Amino acid sequence: MKIAVLIKQVPDSDDVRMDPETGTMVREGMGAIVNPLDLNALQAALDLRSAAGGEVTVITMGPPRAHEALRECLSMGADRGMLLTDRAFAGSDTWATAKVLAAAVKKAGPFDLVLAGEKATDGETGQVGPETAALLGMPFSTYVSALSLADGGVEVARTVEEGIQRQFLPFPCLLTVLHALNEPSMPTLAGKKRARRTEIPLEGIVSIGLSPEETGLGGSATRVVKISYPTISRTTEMFDEKRIDEGIERLVAVLRDMAVI
Amino acid sequence: MKGKQFFVLGEVRDGHIHSVTFELTGKARDLADTCGGTVTAVLLSGGLADDPETLLRSGADRLMTVEHPVLSMYNQEAEVKVLAHILRQERPDVVLAPATTSGRTTLPALAAELETGLTADCTGLEMDPETGLLLQTRPAIGGNVMATIKTPVRRPQMATVRPRTFRAPDCSNALPRGEVTRPEIPPELFESRVVNLGFERAEDGGSNIQDLDVVVSGGKGLKRPESFRMLEELAVLLGGGVGASRPAVEAKWMGYPHQVGLSGKVVAPKVYIAAGISGAVQHLAGMQTAGYVVAVNRDPDASIFRVADLGLCGDLFDILPRLTERIRKEVGAE
């Protein structure tokens, strides 16, 4: 069974800056980790490999330093990594990113299964997975919190607002997964050694067969036009430590007026 | 039809039109009225149990309903195919859809299928008077800033919006306008490789905080999971439920169904009480439309006070028990 895992390197804190010119994220100088949900996707791939045999390929698009994220996945047990890095990819929105990932999946494949985290902690759009599936013409499912092999495909449980929806998808298919799916294992010493020895091929726009109009800022459908710091504000009646009782009385009066109590 | 066309892709669960559909229809009406446009709501279902005219009363000029057994339970592949067919025929300028698990699944695939852009979880939508483009505003990078995004060339301009971000219009007295249509859909578009096997309804695990009049939320300032009992006590007295900030949920003090914010639920209760929550934008995006906001925090500079109507600045471990006692007295006295 051949499995691809799409991962993203994300800043390891919420303290991120934006470039006011382009509206895109400034990644230089930030600590970086593998997006946590992508590690759940990787763990699922490793578990399936244990059960059914096969090979796990981890694919990411990012700056050259994103090879660190791939190394971490290799040290957890992935067989191969692929780094998509090219100036031409810079400024990609989710659709332009999906075009790069879909082209890479085609090049490195064919795969039976493509896995990814439901969303990344930085952008939080959750869009790249379904967009990639659409571009690959694969059936897909999202919010996957349990999965098992079935005849010719996978059975998944999707955690949605009102409960659990169970679906069957035939291979090849793409799934985006939630934290509840599993507990990612730690990299092992042997894994780290092997990761250091493993060659990670670099792919650019030419080698995956895309043109500059298809990706990067130019291949994106959306543009960030403004970055602002929120100005939501209300007129606040403040009560400090010495006036708490007064504040509580005021609140009780408001709640009474609003017929809450 | 003349003018810009606004489409709302509504949500139907078990035959009932979900409230977010009305919220988005109302918003689309407002946007359309700024530029002489029209509003169409599209409902896919296995069979509508509600009267579709209610949507025409909340501002839609036209309602398109597609009913088919395969759509009785959410099926992403059939939805994408049917909606892509409709949107290719109708060529709207703007498409709004709920950022529910279904919307956040269907819409990205649909946008890629139509080769256009999509902005997730918008908290603000307006028409740019100069360019006539839809300005889509969403919290970005951990919710610490707001990004305004546009789709300059590709069509349609597509955005998803969390439930409760906009208020549903009050349409109790409005007259229905427009018509209900049933578009012809080629039968093969209902075929899906994704097979639904079943649905298990979850017991309520805080998942209903979106429907309550009062939400009492706690954050890192509560210091330990046991402290949430104080909030529960207060919430019960007020007939409400308990929410939590993302850090509190990440620390596993409360379950994910209680999480309020961009990455959790958007709530719009009559009264929102935030205790020990500093007020990251990611949280504010989830409660800013509440009717009355109370903040309890020891830091007078905490951002949560900027969005509060009433601030109690001090030690929450002192303030909350006093508040709860006072309200208990008030309620008991009635």
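General remarks:
- Region B:5-190: relative contact order in percent, alpha carbon pairs under 8 Å with at least 6 residues between: 28 percent
- For region B:5-190, fraction of C-alpha pairs farther apart than 26 Å, in %: 24 percent
- Shielding value for A:167-173 is 4, the average number of Cβ atoms from other chains within 10 Å of each residue's Cβ.
- Applying both filters, DSSP loop and at most 10 other Cβ atoms within 10 Å, to the trypsin sites (Lys or Arg not before Pro) of region B:223-293 gives B:LYS252.
- Chain B - mean residue ellipticity at 222 nm from DSSP helices (-39,500 (n - 2.57) per run, n ≥ 4, rounded to 500): -7500 deg cm²/dmol
- In degrees, nearest ten, helix B:19-33 long axis to first principal axis of chain B (Cα): 70 degrees
- Other protein chain Cβ atoms within 10 Å, averaged over every residue that makes up A:35-43: 0
- Prolate/oblate/rounded label for the protein assembly as shown (Cα gyration tensor, a/c 1.5): oblate
- Between helix A:244-257 and chain A there is an angle of about 80 degrees, using the helix long axis and the longest principal axis of the Cα atoms.
- Peptide B:114-121 has a mean shielding of 6, counted as Cβ atoms of other protein chains within 10 Å of each residue's Cβ.
- Based on the reciprocal of the average 1/r between different C-alpha atoms, the Kirkwood radius for region B:209-333 equals 13.9 Å.
- Chain B - convex hull of alpha carbons, volume per residue in Å³: 155 Å³
- Remark: C-alpha extents of region A:2-214 on the principal axes read 49, 40, 35 Å, sorted largest to smallest.
- Note on region A:109-242: Cα-Cα pairs beyond 27 Å make up 47% of the total pair count.
- Cα centroid separation, region A:71-141 to region A:184-242 (Å): 12 Å
- Cα-Cα over 28 Å, subset of A:LYS119/B:LYS252; A:LYS99/A:LYS193; B:LYS27/B:LYS265; A:LYS99/A:LYS119; A:LYS2/B:LYS265; A:LYS8/A:LYS106: A:LYS99/A:LYS193; A:LYS2/B:LYS265
- Pairs of Cα atoms nearer than 8 Å and 6+ residues apart set the relative contact order; for region A:135-261 it is 15 percent.
- Prolate/oblate/rounded call for region B:234-305, Cα gyration tensor, a/c under 1.5 rounded: rounded
- Counting only DSSP H runs of at least 4 residues, each contributing -39500 (n - 2.57), and dividing by the residue count of chain A, the helix-based mean residue ellipticity at 222 nm comes to -9000 deg cm²/dmol.
- Region A:2-214, relative contact order [Cα under 8 Å, separation at least 6], %: 26 percent
- The angle between the Cα long axis of helix A:67-76 and the main principal axis of chain A comes to about 80°, on a 0 to 90 degree scale.
- Span from the region B:273-289 Cα centroid across to the region B:153-195 one, whole angstrom: 30 Å
- For chain A, the antiparallel share of DSSP beta bridges with both residues in that region comes to about 45%.
- Taking B:PRO152, B:PRO69, B:PRO108 in turn, the Gaussian network model of chain B (Cα-Cα springs below 10 Å) assigns the largest fluctuation to B:PRO69.
Every number in this text was worked out from the coordinates using simple rules, so none of it is lab data. All figures in this text were calculated on a predicted structure; none of them were measured in a lab. All Cβ positions, glycine included, derive from the backbone under ideal geometry; neighbour counts span all protein chains shown.
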